[in-house]
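No value in this document is a laboratory result; all are computed from the given coordinates. Quick caveat, the model's predicted, so the values are computed rather than measured. All Cβ positions, even for glycine, are placed from backbone atoms using ideal geometry, and neighbour counts span all protein chains on display.
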Amino acid sequence: MKITFLLTWGDEMGGTEMAAYTQAIHLAPRHDVEVLSVFKTRPEPFFSAAQQVKRRYLVDRTGSYGRPVRASALDENACRTLESLPSELIKPSWESTFDRLSDIEMTAALGSLDSDVLVTTTPALLAAAAELAPSRVVTVHQEHRASQLRGVSGEPLLVYGPRVDALVSLTERTNDWFSDSLREAAPELAAIPNAVPDGYRPRADLESKTIVLAARMTPEKQLDHAIHAFQRICADFPDWQLRIFGDGPQEVRLRRLVEGLGMHSRIELVGRSSQMEQEWAKASVCLLPSRNEAFPLVLLEMFAAGVPVIAYDIVTGPAEIIRHDVDGLLVPPGDIDSLAAAMARLMGEDDTRHAFGKAARKGVYERFGGEDITARWEQLFAKLVARRDTPERLAQRADRTALRIAAGGTRSFSVAAPVSALSNSADEQKAREVMIQAQDRTGTLIRSAGRLAEQRDDINGPRMAQINLEITAKVLEDAGIPYILLRHDAGVAHRVAVPVEMRRRVIEAMSTALHGKPVYAELVTPRGAAPGAVLAERLGEVGEVAGLRVFKPITSESRTLRYGPAYGCSLEFWAESEEDGWRETPRLTTLLGRRLPNLEATAKLRVGERDYPTLAQFTKQLMWDVDYPIDVVYTWVDDTDPAWQQRRDSVRRSRDMPTNDADSGDVRFRNRDELRYSLRSLEMFAPWVRTIYLVTDDQTPDWLDTTQPGIKVVSHREIFKDQAWLPTFNSHAIESQLYRIEGLAEHFLYLNDDVFIGRPLNPSSFFLSNGVAKFFRSPTAVPPTEPSPDDEGYFAAAKNNRALLEEAFGRTTTTSFLHAPHPLRRSVLTEIADKFPDEVGRTAANPFRANSDLSITSSLHHHYGYLIGSSVPSAISCSYINVGNYDHHTVLTRLLAERAHDTFCIGESADAEVSVEEQDRVLRAFLSAYFPVKSRFERD
């Protein structure tokens, strides 16, 4: 079998390159193997292993300019010109090193490739292979990073993944993410880890009293965590030192940190070493405190030297290699105290350290030895090659591509599953999950994110948190275990406290009551078990923990919404202080602080439909509670309504304005059903909203159930001070009259229907408890010029606002505001209307946007409110996506996978490059994936 590995730069130092050469060396004895590197960057490759493999290159960059490696008539000018042009095959955002010269050489080389199997090693190369490789060549992509965390560079994985024969991940977690994201469009999926590189490896004697860490000095590697952890315990271990190998952009910062802590005699920053095999052998403990890893080869090298490793249990990587309490220790991600405690254990327990080291060296070759890993690759290749000439192969590839597009995918957007931070179930637990699933008679239990989950589309975020609280409370109450419900201000999940001396009773009750049920408990600061989640029925095996996060996994049918531990009920074990007998939280604070006089319930606190025991102090109105009503106001229009179009065109004709030019159908009027999903976002992530007012020109969405409590449709006729100003098609005019809505609360949020809440938020995200509103400044500046007829409507209004405020207060505005919900006060809007009646009236009287308009709700209110002391600047995590721009479609994919923004806005520019039809398809696919749970305002 002829096998080609495709690398970007095969001469450089990197985990991808080392893994590819290792794999090629293992396959070479039985196959015709070559490494094809797009670029030659050194006279000799960095890794000596490369010398053992047949290599060829396409573009030589070892000189002053790039040139083809093949015999070519191209002169220097032609090469330099081609190098200066951007690649048309590979987007710069995927990989910036490619250019037109590399395009030409890849097209020639891949288009004529005669290999049986082509293995790509980066998403950018995957895209090139999908476009260029002959149909008879089996294409396999080997993913070397945690794909779900890649961001924009990983875009080709979901866009081009259906067009290759197989996607191979290093871990089951990433493999599961591909399965959930691509679903029917997925090619052959497999998880095959890296193999231990061949060659002699010196063995550590583990007596050196040295901790070794090697990594590129970047924020992602979190080397400062290792420094802080070592500093906290080093006084107890005066003979130990920490040695850090590597270089990078944070080197100066880390040296200053070491000096600032007075640790220069105990912590050594050594620099890069090409002989790390010898350095591992000098270590007694190794560390890996990274924020992100895929399947770190460096871990295999540490184990091959027989050194135990302490690592953060991050999304992928360490948990697939380290066997907790067997050959290393896993600690909760980012928990420096736990990292320090784990270090102290291995530094202080000689027998444990030696036992771990022995198990590490023995186990790494048994689990990741070259022979076994190579056999798995050969089995996959043989399977794919055996069917490459069948008519079904290309037909299935075409179907996969079509299914991806039909699901809303484009050249830049694909529906993605959310990222899971928890490790998959281990084999023993997985076997138990199979039995539980087999006994399920509802047919709703599926596997998702590596564990059992109930599939349903009718649970919103607050209800999910309530369900987990109900599960936890029932177990405690049935077992007669006293507890109290705590109040806190972080997220929607609930917390309960139990005396620490009842921990064993709690664990036994959980194990018994939840036996056979798909309910899990995430371990909070475990002292005897690895971090992660276990079936609640298996809690008796985990040992001492600071708490549990009890959750029932639920996922949507689309696999794009997943409720996990973030919505779980935290069950905390509070210890008694020896000094005064008060109870102390094991981790997070409450609204009453980190210490409570006791855990004896003295009151009830209502959540959902039932009351829970709590302390009387938690039921009081606390200083920072936002306990006043908050409403929401939308302005909405259906631009497809013939009656509305007729009214608009009639007014335009009366003003000698054309009705068939580009401006007559303003993109701001376009209705794509965004309102439906914006309402879903409110119900899912802001359930504290009292009343939603929908302000329209006598229009009501046909799907909207106006009989539901909490929503009211308001006509323009009901709020405009002068009916002669109607009809209007000017959003500035409509916004100028919102303060006149009957029954509107003093505090409300103003949203356009293209604005969405992206994750759980509290009222305090928008208002202070004393009634002050917040606002969110944008980095976009208002041009420091006088108003001009050529100004865009947005900037014209901002300049008019500025002139008004300069005259009234002598202050000049410079910034605009984010496309986010606008926290407003009705009294401030009323005051603005009273103080500037002519300017507000002129805005209200303009039926279409005009250069004389004010932008009151989105700008003037915030500046004016700040100057009179009723508004303050604040921050919110916000994203803006222009659905008319292909580059922004990638952001939609990341939003789905990460769900990391408080709010986001999806707009469209007037000069969109994406057709209206494709915009509609992408937007609907994204919104239905992000918000699959219907709100109560939708008709059945």
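A few remarks follow.
- Sequentially through region 812-825, phi angles give Karplus couplings (6.51, -1.76, 1.60; θ = phi - 60°) of 10, 7, 10, 10, 9, 10, 5, 7, 9, x, 9, x, 10, 10 Hz, Gly and Pro residues having no value and appearing as x.
- For region 630-876, the square roots a ≥ b ≥ c of the C-alpha gyration tensor eigenvalues yield an a/c of 1.5 or more together with a/b not exceeding b/c, which makes the shape oblate.
- Given charges at Cβ of Lys, Arg, Asp, Glu: the chain dipole, positive-most of 863, 907, 681: 681
- Close amide H partners of residue 291, meaning residues 5 or more places away or on another chain with modelled amide H under 5 Å apart, are 221, 222.
- Summarising the overall dimensions of region 728-802 from its C-alpha atoms, the Rg and Dmax are 15.7, 43 angstrom.
- Proxy reagent accessibility, fewest Cβ within 10 Å first, across 343, 263: 263, 343
- Per-q log10 I(q)/I(0), region 427-619, q = 0.10, 0.17 Å⁻¹ (Debye; single scatterer per alpha-carbon; no solvent): -0.40, -1.13
- Between the helical axis of 826-835 and the longest alpha-carbon principal axis of the chain there is an angle of about 50 degrees.
- Under Karplus coefficients 6.51, -1.76 and 1.60, residue-wise ³J(HN,Hα) of region 718-726 in Hz, glycine/proline x: 7, 10, 6, 4, 10, 5, 5, 7, 9
- Rounded to the nearest 20, the size of the Cβ-charge dipole of the chain about its Cα centre is 1060 debye, with Lys and Arg at +1 and Asp and Glu at -1.
- Equivalent ellipsoid, region 210-367 (semi-axes from 5 times Cα gyration tensor eigenvalues, Å): 22, 17, 15
- For region 279-292, backbone phi angles converted through the Karplus equation (6.51, -1.76, 1.60; θ = phi - 60°) give residue-by-residue couplings of 6, 4, 5, 8, 8, 10, 9, 10, 10, 9, x, 5, 7, 9 Hz, Gly and Pro being listed as x.
- Net +/- balance of residues flanking residue 33 in space, Cβ distance below 10 Å, scoring K and R +1, D and E -1: +1
- Antiparallel DSSP beta bridges within the chain, as percent of all bridges there, nearest 5: 35 percent
- For the chain, alpha-carbon Rg and Dmax in angstrom: 30.9, 92
- Candidates per chymotrypsin sites (Phe, Trp or Tyr not before Pro) in region 600-645, loop by DSSP, up to 16 other Cβ within 10 Å: 624
- Folded to 0 to 90 degrees: helix 503-513 orientation relative to the chain principal axis, Cα: 80 degrees
- When region 630-876 is described by a simple charge dipole with +1 on each Lys and Arg Cβ and -1 on each Asp and Glu Cβ, the residue from 763, 651, 632 located farthest towards its positive end is 763.
- Which of 518, 796, 750, positive extreme of dipole for the chain (C-beta unit charges): 518
- Qualifying trypsin sites (Lys or Arg not before Pro) for region 837-940 [loop in DSSP, other Cβ within 10 Å: at most 15]: 936, 939
- Low-density loop positions, trypsin sites (Lys or Arg not before Pro), region 511-566 - DSSP coil, at most 16 other Cβ in 10 Å: 527
- Alpha-carbon centroids, region 692-710 and region 444-468: separation in whole Å: 30 Å
- Stokes-Einstein diffusion for region 325-439, with the hydrodynamic radius set to the Kirkwood value over Cα pairs and evaluated at 10 °C in a medium of 1.306 mPa s, equals 80 µm²/s.
- With Cα atoms, 0 to 90° folded angle of helix 674-685 axis to the chain main axis: 70 degrees
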